[in-house]
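Heads up, the thing below is written out as structure tokens.
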Amino acid sequence: MIRVRDIPLPLSGDMEQLKKRSARLLNLHPEQISELKLARRSIDARNKSDVHYVCTVDVTVEGDERRVLERSGCRKAELFQPKHYEFPAVTARLDHRPVVVGMGPAGLFSALFLARAGMPPIVLERGRSVEQRTADVERFWTAGRLDVTSNVQFGEGGAGTFSDGKLTTGTHDARIGAVLDVLVAHGAPEDVVWSHKPHIGTDVLRQVVKSVRRELIELGCDIRFESRLCGIKCGPGGVQAVTVDGPEGLYDIACEAVVLAPGHSARDTFELLQSLGIPMEQKPFAIGVRIEHSQQAISRSQYGPAWEQLPASDYKLACHLPNGRSAFSFCVCPGGQVVAAASEQGGLVTNGMSLRARDGENINGGFLVGVGPEDFGGTDPLAGVRFQRKWEQAAFTCGGENWHAPAQLVGDFLEKRASKGPGGILPTYRPGVTWTRMENCLPACVTETLRDALGVMDRKLHGFAAADGVLTGVESRSSSPVRILRDEYCQSALRGLFPCGEGAGYAGGIVSAAVDGIRVAEAVAQAK
């Protein structure tokens with residue numbers, strides 16, 4: 001086939017118009033194109049008076065495609081052969097079924113590809129099924145009753161289940177196509193394959209997760225909810241068994257291969273690994289707040305007069321400041337809400353979430369500052385965990401110890417005064433907010449950096465520093481504070497232990513975590 005890049009298309013354009021433009025570029029009649037498939041579509045809003053789509057298509061034509069390409073002289077076109085991912089042949093000989101710990105994207109995809117390869121694992125998830133988990137989370141948001149077993153961080157689907165369901169990634173791994181194929185096969189919208197900024201939405205993602213679970217069961221996986229890893233038994237050759245705390249109490253599972261995909265909030269798992277001497281290291285992450293704006297105002301700023309013709313806009317901002325710190329937006333949720341994402345009693349955490357429709361009045365995004373080992377106040381691997389916990393507990397206290405989150409208007413934050421109530425933008429966080437000052441629940445280096453960054457970012461996106469914008473804190477779980485070390489074969493120093501995904505320090509989102517899950521499944525399938 002022929003891939004044709006960078007084809008401009010009006011916002012009102014359709015596939016027939018795209019076909020005609022592709023044919024013109026290839027010096028063909030549209031009827032000579034037997035098949036046209038959209039490969040990528042993005043929005044070009046650099047000129048607000050001419051906002052349009054930019055498309056890449058894959059074209060199948062009659063006759064010799066190489067000659068068609070040569071005759072056209074089109075510099076935007078090239079011969080293209082899609083690459084299809086293939087799982088490698090299984091060469092490992094295990095006496096027991098592999099065990100997968102965690103059912104976030106990394107654990108789910110590792111289990112799925114092992115099962116498809118004829119190695120259905122036992123899958124352990126400390127939380128509950130996505131159906132039960134959704135009810136537990138809603139109870140927390142409405143009544144302020146946190147279940148430390150089943151919440152935004154823990155349960156089937158992982159932390160990404162209660163997010164925007166973004167599928168963007170900065171990597172170019174060949175496994176990405178396989179991840180998207182699985183998601184679409186299990187109910188994700190087909191536009192995630194070609195959208196420049198694909199997202200599923202939390203409502204659709206929950207259904208996708210359930211569908212993946214059904215395939216896992218059909219392939220012979222043994223899925224065990226409310227089953228927490230609490231021990232690893234080792235012998236001279238490596239892992240011999242794992243100890244599980246399940247509904248019936250403690251028990252052991254004999255195994256030689258454990259895919260450890262715990263998620264970035266499994267602090268007790270990190271403590272277990274430290275007690276066993278499993279090599280880990282501190283990892284930089286980011287901390288800050290959620291910032292809320294009017295979705296209409298941001299869409300107008302991004303798209304100009306065309307904003308009503310387009311989906312709710314997002315943004316991506318970053319700046320490096322004279323104090324040596326960097327601030328950036330993270331996990332922006334158009335038309336979404338700020339959510340309570342705590343997983344421990346006495347520690348308040350925020351995150352963002354959007355439905356597929358992205359039709360809420362507000363847009364929110366993480367507004368974060370990078371922190372590292374020099375900020376953690378300790379040299380051991382878990383110093384970053386203690387740093388997170390310190391500020392989460394401060395936020396809980398600052399909010400009133402009733403799961404209300406500390407909040408402050410942007411204008412008041414810039415003037416260093418406590419807020420008394422909302423302006424034109426109403427906060428979406430449930431069960432509610434307490435108006436205060438962010439200095440009470442964040443390090444001074446973070447609040448100073450955020451304050452300096454607001455003006456810089458407002459010059460890039462007009463309205464970002466609007467006085468009635470709402471800051472809600474704290475956001476502290478942007479990524480894992482530790483990295484569980486592994487070698488080129490994805491194994492820890494403890495042979496048979498395969499650290500995996502975002503919680504292990506090897507991913508940063510749904511797609512990259514799923515890709516790492518497949519990578520680790522390959523390593524298990526070929527382990528010696």
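Is the stretch 176-198 home to any residue that is open to solvent by less than 20 Å² (accessible area, probe 1.4 Å), among the hydroxyl-bearing types (Ser, Thr, Tyr) and out of contact with any Gly (no Cβ under 6 Å at 6 or more places or on another chain)? Explain how you work it out, then say what you get.
Filtering the stretch 176-198 for residues open to solvent by less than 20 Å² (accessible area, probe 1.4 Å) gives 178-179, 182-183, 188, 192, 198.
From what is left, the residues that are among the hydroxyl-bearing types (Ser, Thr, Tyr) are none.
For the stretch 176-198, residues open to solvent by less than 20 Å² (accessible area, probe 1.4 Å), among the hydroxyl-bearing types (Ser, Thr, Tyr) and out of contact with any Gly (no Cβ under 6 Å at 6 or more places or on another chain): absent.
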Matching residues in the stretch 83-115 (surrounded by fewer than 24 Cβ atoms within 10 Å (Cβ to Cβ) and in contact with a Phe, Trp or Tyr (Cβ under 7 Å, 6 or more places away or on another chain)) number 1
Here the residues within the stretch 131-145 that are surrounded by 20 or more Cβ atoms within 10 Å (Cβ to Cβ) and in contact with a helix residue (DSSP H, G or I) (Cβ under 7 Å, 6 or more places away or on another chain) are THR134, VAL137
If we take the stretch 468-524, then strands (runs of 3 or more DSSP E) inside it with 1 or more residues that are closer than 24 Å to GLY352 by Cα and of a type outside the set (D, E, K, R) are 470-475, 482-484
Note on the stretch 25-45: residues in contact with a Phe, Trp or Tyr (Cβ under 7 Å, 6 or more places away or on another chain) and open to solvent by 60 Å² or more (accessible area, probe 1.4 Å) are ARG40, ARG41, ILE43
Flagged in the stretch 199-238 as open to solvent by 40 Å² or more (accessible area, probe 1.4 Å) and without any contact (Cβ under 8 Å) to a residue 40 or more places away in the chain, in numbering order, are GLN207, ARG214, ILE217, GLU218, LYS233, PRO236
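At least 3 residues that are open to solvent by 10 Å² or more (accessible area, probe 1.4 Å) and not β-branched (Val, Ile, Thr) in each: list the strands (runs of 3 or more DSSP E) lying fully within the stretch 320-363 that qualify.
Passing ranges, in order: 326-333.
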Taking the stretch 270-319 and keeping residues surrounded by fewer than 17 Cβ atoms within 10 Å (Cβ to Cβ), out of contact with any helix residue (DSSP H, G or I) (no Cβ under 8 Å at 6 or more places or on another chain), within 25 Å of SER479 (Cβ to Cβ) and not hydroxyl-bearing (Ser, Thr, Tyr) leaves GLU271, GLN274, LEU276, GLY277, PRO279, GLU281, LYS316, ALA318
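The values are calculated or read from the model by the stated rules, or taken from the named source; none is laboratory data. Please read all numbers here as calculations on a predicted model, not as lab measurements. Every residue, glycine among them, receives a Cβ derived from its backbone with ideal geometry; neighbour counts consider all protein chains shown. The protein model used for the area step is the full one, side chains on, heavy atoms only, and it has no ligands, DNA or RNA in it. Shrake-Rupley method; radii C 1.70, N 1.55, O 1.52, S 1.80 Å.
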